[in-house]
Amino acid sequence: MEPEVTKLDSVAELLRERGSLRPRDLAGLGVPSNYLDRLHRRGLADKVARGLYASPDADVSEHHSLVEAARLVPNGVVCLLSALRFHDLTTQAPREVWLALPNKAWSPRVRGPRLKIVRFSGAALSEMVEEHEIEKVAVRVYSPAKTVADCFKYRNKIGLDVALEALRDCWRLRKATMDELWRAATICRMGNVMRPYLESIV
């Protein structure tokens, strides 16, 4: 049998490689899930959220909260204000991570990071999703064009001024083509709403 200290060392090395781990990540390795908590008690792992541990040496980026959300809710897609921030289309720093989930998906219960769940369906959920590697974790984020269209769809919740600023910055910074913006507007059924604003920026 492999000595406990060797298993702990192996888990610590894996944590350094990946940056963050959940207890269930250890299941396929034949390692008890409480080893991460043992590392935490020895000061070799930081508990950043319930069920999520990070290496103290991890190179934490400004998008670390998105990484935590992606690990805890792998079927979610970063959207709206969080996606705007990721794509540098707003100066606002949302206090919550905005995630899109299918209509019938269970609402995740996590202690951190704070999540703002919105429900998407059909093409509005599955289309124009990009995958970005942040801190060695695959994070799914809606494209700039789709994010802009989503902001118009949820303009009553986040404000029309936010949606308009996002559209102007998206076009000015060349984050999306007009074809991509029109496609996103169609997917979100925002064609009539966005048409005059799209025509005004050309």
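The values are calculated or read from the model by the stated rules, or taken from the named source; none is laboratory data. The model shown is predicted, which means the values in this text are computed figures rather than measured ones. Cβ coordinates were reconstructed from backbone atoms using ideal geometry, including for glycine residues, and neighbour counts include every protein chain displayed.
Observations on the model:
- For the residues Leu125, Leu115, the requirement of being under 29 Å from Tyr197 (Cβ atoms) and either modelled with pLDDT under 95 or touching a strand residue (DSSP E or B) at 6+ places or on another chain (Cβ under 9 Å) (or both) singles out Leu125.
- Within the range 45-78, considering residues that are in contact with a Ser or Thr (Cβ under 8 Å, 6 or more places away or on another chain) and part of a loop (DSSP other than H, G, I, E, B), the one modelled with the lowest pLDDT: Ala58
- Qualifying position, being assigned by TED's automatic domain parsing to the domain that holds Arg168, of a type in the set (A, V, I, L, M) and part of a loop (DSSP other than H, G, I, E, B), among Leu89, Leu81: Leu89
- Single residue of the range 184-202 satisfying the filter (among the aliphatic types (A, V, I, L, M) and part of a helix (DSSP H, G or I)) that is nearest to Phe86 (Cα to Cα): Ala184
- Exactly one residue out of Leu167, Leu99, Leu181 is without any contact (Cβ under 8 Å) to a residue 40 or more places away in the chain, crowded, with 18+ Cβ neighbours inside 10 Å and in a strand (DSSP E or B): that is Leu99.
- Selected residue (criterion: surrounded by the fewest Cβ atoms within 10 Å (Cβ to Cβ)) from residues of the range 117-144 that are closer than 18 Å to Glu180 by Cβ and acidic (Asp, Glu): Glu131
- Among (1) assigned to a helix (DSSP H, G or I); (2) at pLDDT 80 or above, the one test that Arg24 misses: (2)
- Flag set for Arg85, criterion: surrounded by 20 or more Cβ atoms within 10 Å (Cβ to Cβ) and out of contact with any strand residue (DSSP E or B) (no Cβ under 6 Å at 6 or more places or on another chain).
- Of all residues in the range 128-165, those that are in contact with a strand residue (DSSP E or B) (Cβ under 6 Å, 6 or more places away or on another chain) and modelled with pLDDT under 95 total 1.
- Among the residues listed as Val129, Val137, Val118, the single one being on the phi < 0 side of the Ramachandran plot and in contact (Cβ under 8 Å) with a residue 60 or more places away in the chain: Val137
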